[in-house]
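S.K.: Here's a structure for you.
The values are calculated or read from the model by the stated rules, or taken from the named source; none is laboratory data. Just so it is clear, the model here is predicted, and its values are computed rather than measured. Quick reminder, even Gly has a Cβ in these numbers, built from the backbone with ideal geometry, and neighbours come from all protein chains shown. These area figures cover heavy atoms from the full protein model, side chains too; ligands, DNA and RNA do not enter into them. Shrake-Rupley method; radii C 1.70, N 1.55, O 1.52, S 1.80 Å.
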Amino acid sequence: MRALILGGTADANLLAAEIVRAGIEAAYSYGGRTRAPADQPLPTRIGGFGGAPGLADYIRREGITHVVDATHPFAAEMSRNAVAACAETQTPMIALERAPWTKASDDTWIEVADVASAVAALPETPARVFLAIGRQHIAPFGARPWHAYTLRFVDPPDGALPFDADVIVSRGPFTLDGELEMVRSRSIEWIVARNSGGDGARAKIDAARTLGLPVIMISRPPLPERSRVENVAEVMQWLGHRACLGA
Ligand code: NAP
């Protein structure tokens, strides 16, 4: 057995630790967007494969027998390529994907399909807006320059931003108290978020609920049908091993 973890998420990192504990041969792949990705206990490769054909070549060349797509729920291109490459090479594949957040009765969410719809859902009058989305998605908000935007990135921006903004550099995870302080101190009125799911990123959603703020929630991109589990233990079972999380 030789597994490939398509990673870049906290869940993928947990899985890598479990795989090492279980003595499974595996490689971990990063997309290369983050300047200083977390160290891995597994052999690591960084950067694109060259689309689905490139990934299929990699699978054949490296003798990969199992693929775990543990990428972020919004990393749709990578996930689509993984489905196609695994179908082409007939390699078993599973997705490790946490469940999306669900709206509670006291949440004020405007649910939209994509970034363009999120831009359109912002008010016509100036507002203070926290864009809790990746840097590659912020440019369309330049079409509404009358808002005061706060952005938060893992790395400092390495070039000019498409519009003036208050930039926070922080990797998270974030606590409810921390998010309440961040939102209150900047008098944020609207939050734009992607429905990533999981605990590490949800404090801003809880803060919005606590403060009665509206959230423009971008739904996950559609993906092809694939086997999917929500936690590391289920992936380990799929690989034929029992997880010993926390041991
Ligand atoms: P994406 O749009 O789906 O991927 C764009 C291209 O980047 C892919 O076609 C692939 O290039 C390459 N790529 C992506 N993930 C890769 C991986 N794990 N290993 C090797 N190549 C990869 O993905 P994205 O939204 O830019 O995210 C990039 C990475 O950051 C992912 O690994 C994801 O797990 C992580 N991440 C993303 C987010 C997010 O908000 N999207 C948040 C946290 C972490 P080729 O076609 O050349 O193979």
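S.K.: Tell me whether segment 206-216 contains one or more residues that are assigned to a helix (DSSP H, G or I) and closer than 25 Å to residue 116 by Cβ. Spell out the reasoning first.
M.R.: Our first condition is that a residue be assigned to a helix (DSSP H, G or I); within segment 206-216, this holds for 206-211.
Adding the requirement that they be closer than 25 Å to residue 116 by Cβ leaves 208.
Yes, the conditions are met somewhere in segment 206-216.
S.K.: Residues 192, 232: which one is in contact with a helix residue (DSSP H, G or I) (Cβ under 6 Å, 6 or more places away or on another chain), modelled with pLDDT of 95 or more and either within 13 Å of residue 132 (Cα to Cα) or exposed (fewer than 13 other Cβ atoms within 10 Å of the Cβ) (or both)? Quick ask: steps written out before the conclusion?
M.R.: Values: 232 fails: either within 13 Å of residue 132 (Cα to Cα) or exposed (fewer than 13 other Cβ atoms within 10 Å of the Cβ) (or both).
Going through 192, 232 in turn, just one is in contact with a helix residue (DSSP H, G or I) (Cβ under 6 Å, 6 or more places away or on another chain), modelled with pLDDT of 95 or more and either within 13 Å of residue 132 (Cα to Cα) or exposed (fewer than 13 other Cβ atoms within 10 Å of the Cβ) (or both): 192.
S.K.: Kindly list the number of the only condition in (1) open to solvent by less than 40 Å² (accessible area, probe 1.4 Å); (2) in contact with a helix residue (DSSP H, G or I) (Cβ under 7 Å, 6 or more places away or on another chain) that fails for residue 217.
M.R.: (2)
S.K.: Right, next: Give segment 42-63 a look and list any residue that's under 30 Å from residue 199 (Cβ atoms), out of contact with any helix residue (DSSP H, G or I) (no Cβ under 6 Å at 6 or more places or on another chain), in a loop (DSSP other than H, G, I, E, B) and more than 7 Å from the ligand (Cβ to nearest atom), or say none.
M.R.: Within segment 42-63, 43 is the sole residue that qualifies.
S.K.: Another one. Quick one: which of 119, 68 is of a type in the set (A, V, I, L, M), surrounded by 15 or more Cβ atoms within 10 Å (Cβ to Cβ) and within 25 Å of residue 10 (Cα to Cα)? Step through it out loud before you land on a result.
M.R.: Details: 119 fails: within 25 Å of residue 10 (Cα to Cα).
From the options 119, 68, the qualifying one is 68.
S.K.: When residues of segment 139-162 are filtered for being in contact with a strand residue (DSSP E or B) (Cβ under 6 Å, 6 or more places away or on another chain) and part of a loop (DSSP other than H, G, I, E, B), how many remain?
M.R.: 2
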